[in-house]
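Take a look at the structure set out below.
The values are calculated or read from the model by the stated rules, or taken from the named source; none is laboratory data. A quick note: this is a predicted structure, and the numbers were derived from the prediction, not measured. Here the Cβ positions follow ideal geometry from the backbone for every residue, glycine too, while neighbour counts run over all protein chains shown.
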Amino acid sequence: MLRFLQILLTGLLGALWDGVAAFGGIRLVDGENECSGRVEVQRHGQWGTVCDHGWDYREAEVVCLELGCGLAEAALQGAAYGAGAGLIWLQHVQCTGHEPSLSRCALFLGTNSYYCTHKNDAGVKCLGSLLTPTLSLLSPHTVFSSGEAVRFSCSVLLGHHHLSDFHLYKHGVSTPLVTQRVDQSQTTVELTLSDLETFHQGSYSCQYRIKGNFPSQLLSSPPSNSINITVVELLTPQHWYNTSNDAPAGSVIKGHSFNITCSTLQQYPGGSFQLRLIRSNGTVRQSLPALSPSVTFTFPSAQSSDEGYYYCLYRVQLGGRTFVSRESQPLPISIRDPDPVLSPMVISWLVSGLTFVVAVIIIIIVAKVLCNKKKSKPSELERETRTCVDNTYVALSINKI
């Protein structure tokens, strides 16, 4: 008995698969457009109709999706689009609404019978192919800094009473970044992406979804046009200074050269570094193009006006906007006078010595003049000379004391 049932089941499945495999297509005939009409299927090269017994939105939904006509708007019975001809290929079709084809539904393959004639031919009316929405940018620019928001508008040309919601997608990301539910009468919606990060930089498009009557099913429209946005994130620059080795930390010797280097890891084309000096009598700014990740500001001869607090920042112009990084930590630099070559004690000794030499020279000159004025005899002259020399020696000794 078990063997008999197995053989019977195998035969029935084989016959069913043979019947399904024999289907060659599906079409809608005699409707208002290509997405409405009497349902006809092809089997063994011949077109035939479908009986409307048990025909409802589930089956109509499968037919519309299979034909690329969107969701079902109506499931029609009683040859609403006129009676067909030929064979009635399908009877008692039962679908869940999610099958990819009518041939994948539970069905009974049959031909005309007294209770299912062409007066019972099934028909459908589909919503039609979904229109492609249009994405536009409400924000006045396409370049943003981190933390800002970008506003888009997504619209569809014709209203649809089955509209459910709109979605904003980023290229490469499968899930929507923004979802906005709408009333069925809305054709345009604003989609705002807040708190931008560098992750959000890229290309965006939008889609809308419509919902069917039965079962509860949603169908997405084709994606809209794309809009690219740029997100700028400027890192706080680092900075340091270099000067002569004999200068104390945080100081530069007056008249000596020194350099201040500004550096950042994040760069954009056309960027520049700005060095800001805050001093007691105002603020001074210098700027250099950021041709590399770091630039050096050179001061060939330090002066008192170079003393103060130095800050580095990075700035760039993109998309008609100017973006400026945060300032670096303050770098205090003081300008010191050079140390004197001679100490005060050495200078005192030099002054004393110089004074002694000058005094000696003066005394010798005076003594010489006095001695030359003496007009006496040779013996007296010798005595006078000796006296002058002795006086000079005494004077020198006293002055030295």
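For the condition over 19 Å from Phe23 (Cβ atoms) and assigned to a loop (DSSP other than H, G, I, E, B), what is the one hit in Gly82, Gly86? Selected residue: Gly82, the only one of Gly82, Gly86 that is over 19 Å from Phe23 (Cβ atoms) and assigned to a loop (DSSP other than H, G, I, E, B). The residue that is farthest from the chain's Cα centre (by Cα), counting only those in the stretch 199-212 that are within 15 Å of Ser164 (Cα to Cα) and in a strand (DSSP E or B), is Lys211.
Filter the strands (runs of 3 or more DSSP E) completely within the stretch 104-198 down to those with at least 3 residues that are touching a residue at least 60 places away in the same chain (Cβ under 8 Å).
123-126, 134-137, 143-145, 150-155
Restricting attention to the stretch 168-201, the residues that are surrounded by 15 or more Cβ atoms within 10 Å (Cβ to Cβ) and of a type outside the set (A, V, I, L, M, F, W, C) add up to 8. Of everything listed in (1) touching a strand residue (DSSP E or B) at 6+ places or on another chain (Cβ under 6 Å); (2) modelled with pLDDT under 90; (3) farther than 15 Å from Tyr57 by Cα, the single unmet condition for Ala79 is (2). Within the stretch 56-71, the set of residues being in contact with a strand residue (DSSP E or B) (Cβ under 6 Å, 6 or more places away or on another chain) and of a type in the set (A, V, I, L, M, F, W, C) comprises Ala60, Val63, Cys64, Cys69, Leu71.
The rows are residues; the columns are (1) of a type outside the set (Gly, Ala, Ser); (2) modelled with pLDDT under 90; (3) assigned by TED's automatic domain parsing to the domain that holds His162.
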| position | (1), (2), (3) |
| --- | --- |
| Asp18 | yes, yes, no |
| Ile26 | yes, no, no |
| Glu32 | yes, no, no |
| Cys35 | yes, no, no |
| Val50 | yes, no, no |
| Glu59 | yes, no, no |
| Gly70 | no, yes, no |
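Could you tell me whether any residue of the stretch 217-237 is in contact with a His (Cβ under 6 Å, 6 or more places away or on another chain) and not aliphatic (A, V, I, L, M)? No, the conditions are met nowhere in the stretch 217-237. In summary, Trp55 fulfils each of the numbered conditions (1) in a helix (DSSP H, G or I); (2) crowded, with 22+ Cβ neighbours inside 10 Å with the single exception of condition (1). Of all positions in the stretch 284-297, at least one carries a residue that is of a type in the set (Phe, Trp, Tyr), farther than 30 Å from Pro140 by Cα and surrounded by 11 or more Cβ atoms within 10 Å (Cβ to Cβ).
Condition first: modelled with pLDDT under 95 and β-branched (Val, Ile, Thr). Can you find one or more residues in the stretch 216-227 that meet it?
No, the conditions are met nowhere in the stretch 216-227.
Gln207 - would you say it is of a type outside the set (Val, Ile, Thr), within 30 Å of Gly128 (Cβ to Cβ) and either in contact (Cβ under 8 Å) with a residue 60 or more places away in the chain or in the same structural domain as Leu65 (by TED's automatic domain parsing) (or both)? When the stated conditions are applied, Gln207 passes them. Screening Asn120 on (1) surrounded by 15 or more Cβ atoms within 10 Å (Cβ to Cβ); (2) within 46 Å of the chain's Cα centre (by Cα) shows it passes everything except condition (2). Of the candidates Val39, Val63, the single residue that is in a helix (DSSP H, G or I), under 24 Å from Ile210 (Cα atoms) and at pLDDT 90 or above is Val63. For Val252, the criteria (1) more than 23 Å from the chain's Cα centre (by Cα); (2) under 30 Å from Pro100 (Cβ atoms); (3) buried (at least 16 other Cβ atoms within 10 Å of the Cβ) hold in every case but one, which is (2). When Gly353 is tested against (1) part of a strand (DSSP E or B); (2) not assigned by TED's automatic domain parsing to the domain that holds Ser251, exactly one condition is not met: (1). If you go through the stretch 124-149 and keep only what is under 14 Å from Cys206 (Cα atoms), under 28 Å from the mean Cα position of the chain (by Cα), buried (at least 20 other Cβ atoms within 10 Å of the Cβ) and among the hydrophobic types (A, V, I, L, M, F, W, C), you end up with just Leu135. Residue count for the stretch 224-249 satisfying the condition of being surrounded by 19 or more Cβ atoms within 10 Å (Cβ to Cβ), more than 30 Å from Thr188 (Cβ to Cβ) and within 21 Å of the chain's Cα centre (by Cα): 2.
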